[in-house]
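Have a look at the structure below, then the notes.
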Amino acid sequence: MNIRAYFRLLLREARHVSKDSSLMLILLIAPILYGFMYGSIYINKGEDKIRLAVVDDDGSYLSRQLTQQLDSSPMIDIVTAGNLNDAQEKMYRGDTQGYFYIDKGLEKNVFSLKQANVSLAVNASRFLPSSDITAVVTKICLTVGAGARKIFFSKQGMSDAEAMAMTNPINLDYRPLFNESVTYGTFLLPGLLAIILQQTLMIGVAASLTSERENNTLRWVLKLAGNNLSRLIFGKGLFYLIVFMTFGLFFVSVNFNVLGVNVRGSYLSLAVLTWLFISVIIVLGMLIGSFFKTKLFAFQVLVFTSYPIFLITGYSMPYQSLPKLIRMCADILPTTPFLKAYISVVQAGGGISDNIPEIIHLIVLWLVFIILLLFRLQYLAGREKPLEQLKS
């Protein structure tokens, strides 16, 4: 192993990036900037004070208690409406995200053990507010209704235990694991930071190799590597591995703390997964960059890949629910196995032994990409016109 050759390639790549403002921006500034900018959007993790109109046509103690319970919830901000038409108009104008209608006779029906009806209409064009309102209102209705039934049974001479058993014969012990607050931000942030790390690395590496083609310096770099393609790949990639492992450590130690994301698993397991993932992305980025002739075109194409990659990896939509063709495309991307293993470590407390299939998947992709890259670089080096006295 020629350590000096690797060191020369490492320094040459560092100079190459430092002299190119666009590469500096995407590789050294964008990861930190995007990590805090996009992460800060979800720093509060969930929503609160969602406006909900309430129409109470019963006017009873039970209906007032129901309204008070809704108003005391940190998730809902009650807006009083004069009648049903007024409540509907408020929702149509966007003043509220829905309305809750309490029909006349609610208390009478509940205490006579008859079915009592309330109506909830939500603006489902926005998924999160409608889902959160529905969950809170359902829970409060069940709680208030059960309390009223318990009072009724207690008045019939039953003990508290008997009244509770009659009111709630099946007790559900609901315990959300890992994401205890059940908020969208807690779910999204780890994957979002991983995607930022991946995309800035892949775009930067691809653009860097494309600039070698554009400047006709690929053969010169190969000569610097002793005409060894493997040494060229690992020497150039060493710079990006060091830089982005540092970014990965920064995200876990700084961004995660600032954004309130807990790492439940081993930091060593997370480091091994990140190292393997970055290694695969570096090779993939070089392979992709070898097919572009200008750096500008590489930027223009790759900058639009972030959202499609995020969508097809099975993170925002369950993998098994994706169309078969999309799943096949997702399996080609290292993002798919990495995100699964990454979330397992960060949120579920998993380790290396719990993610062996994902690790094997990443290793197989790395081997395939490295073989393809070797053939591609050999082809490009053979076609490049030799230039004498080319300076780095």
Gaussian network model of the chain, Cα within-10 Å springs - most flexible of I196, I233, I326: I326
Positive-end residue of I359, T336, L296, charge dipole of the range 264-386 with Cβ unit charges: L296
Relative packing of peptides 245-254, 209-218 - highest average C-beta neighbours within 10 Å first: 209-218, 245-254
Those lysines that a straight Cα-Cα span of less than 21 Å connects to K324, excepting residues fewer than 8 apart in one chain: K340
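I need the peptides 9-21, 287-299 ranked by packing, meaning the mean over residues of other C-beta atoms within 10 angstrom, with the highest value on top. It would help to have the intermediate numbers written out before the result.
Working: 9-21: 16.2, 287-299: 18.3.
By packing density, highest mean first, the sequence is 287-299, 9-21.
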Gaussian network model of the chain, Cα within-10 Å springs - most flexible of I43, I359, I140: I140
Estimated vicinal HN-Hα couplings, Hz - the range 115-126 in sequence order (Karplus 6.51, -1.76, 1.60; Gly, Pro = x): 5, 10, 10, 10, 10, 10, 10, 10, 7, 7, 5, 10
Label of the coordinate-derived value, Rg and Dmax of the Cα atoms in Å, listed as (1) 29.1, 102; (2) 23.1, 70; (3) 22.3, 65: (1)
Trypsin sites (Lys or Arg not before Pro) lying in DSSP loop within the range 23-73, provided at most 14 other Cβ fall within 10 Å: K49
Virtual spin-label span in nm between F291 and A161, 7 Å along Cα→Cβ: 7.1
Sequence-distant lysines (8 or more away, or on other chains) whose Cα lies within less than 16 Å of K295: K19
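Can you say what percent of the DSSP beta bridges in the chain, counting only those with both residues inside, are antiparallel? Round to 5.
Details: 5 of 14 bridges.
Beta bridges within the chain, antiparallel portion: roughly 35 percent.
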The range 145-301 - charge dipole about Cα centre, Lys and Arg +1 at Cβ, Asp and Glu -1, debye rounded to 20: 580
Sites D331 and F127, calculated FRET efficiency, Cβ-Cβ separation with R0 22 Å, nearest 0.05: 0.20
Note, ³J(HN,Hα) from phi for the range 248-254, Karplus 6.51, -1.76, 1.60, rounded to Hz, x at Gly and Pro: x, 5, 5, 4, 5, 8, 10
Selected from G285, G204, G46 as most flexible by GNM, with the chain as the system and alpha-carbon contacts under 10 Å: G46
Order of K236, K104, K150 under a 10 Å beta carbon neighbour criterion, fewest first: K104, K150, K236
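From the cross-link list K49/K139; K49/K104; K108/K155; K236/K293, which pairs have alpha carbons spaced over 21 Å apart? Kindly include the intermediate steps, with their values, before the conclusion.
Details: K49/K139 17 Å; K49/K104 27 Å; K108/K155 15 Å; K236/K293 19 Å.
With Cα atoms farther than 21 Å apart: K49/K104.
Under 14 Å from the Cβ of L374, count the other residues' Cβ atoms, weight Lys and Arg +1, Asp and Glu -1, and hand me the total. All intermediate terms of the calculation are to be shown ahead of the outcome.
Working: positive: R231, K236, R376; negative: none.
With Lys, Arg at +1 and Asp, Glu at -1, the net is +3.
Would you please give the FRET efficiency between L367 and N215, computed as 1/(1 + (r/R0)^6) with r the Cβ-Cβ distance and R0 = 25 Å, to the nearest 0.05? Walk me through the numbers before you get to the answer.
On the way: r = 30 Å, r/R0 = 1.19.
Rounded to the nearest 0.05, the efficiency is 0.25.
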In order through the range 322-329: 3J(HN,Hα) via Karplus (6.51 cos²θ - 1.76 cosθ + 1.60), integer Hz, x for Gly, Pro: 6, x, 4, 5, 5, 5, 5, 5
Estimated inter-spin distance, Y38 and S253, nm [label 7 Å along Cα→Cβ]: 2.3
Highest-first arrangement of 308-316, 273-281, 105-113, where packing means the average Cβ count within 10 Å: 273-281, 308-316, 105-113
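Every number here is computed from the coordinates shown, using simple stated rules; none is lab data. None of these values were measured; they are calculated from a predicted model. Every residue, glycine as well, gets a Cβ built from its backbone with ideal geometry; the counts of neighbours run over all protein chains shown.
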